[in-house]
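Right, one structure below, let's go through it.
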Amino acid sequence: EVPVDPRTGDDPRYATREYDETAWETIAVPARWDQAGHPGYAGYAWYRTRVTLPPAPAGGSAYLELGKVAAVDATFVNGVKVGQTGEPDAFRRYRLPLDAVNWGGENVVAVRVSSGGVGQGGLWSVRRDRPANTWIAEGAPRWWTVVLANWEDEPAQQSIPLAPLGVTGARF
């Protein structure tokens, strides 16, 4: 559960870092609007939360993972738009511009959600649906195909012992 401040309606000021959301109600996510105390609501709602991040990591990239949003989102960090997805119930993962993040300090994440139907909007799931990282298939006897998949955006080296996969033999 992550406490957020939802505000129904639509106002572009809600995306800015400076906006004061202290008067907003607080609900826990993940939950669809009808489960979070807003049954029958259809339209726009904003979620805002403030998070403190550690100092900047050496090199690399930073991502914001929202989970699944019903139905359309526009996502901002410190007033900078970092992503938008119009595909209902898709897992949201956005690369953050490193200069938009306040490393070692407070950051404001604001998400504008448009519902797909009455009571169906919201940040409703943090579960990521991904296929397995390893596949193995045996074709002809003692002929195997092994696939190691990296689902991340950054390159990675992977290795795995073959014996636990059931691949045996003297030569490979």
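Any read-out appearing in this document is the output of simple, stated calculations on the displayed coordinates, not a laboratory observation. Just so you know, these numbers come straight off a predicted model, no measurement behind them. Cβ coordinates were reconstructed from backbone atoms using ideal geometry, including for glycine residues, and neighbour counts include every protein chain displayed.
Between residue 98 and residue 149, full extension at 0.36 nm per residue minus the direct alpha carbon distance yields a gain of 15.7 nm. Since only 64, 49, 15 are under comparison, the one whose Cα sits farthest along the positive direction of the charge dipole of the stretch 1-116, derived from C-beta charges on Lys, Arg, Asp and Glu, is 64.
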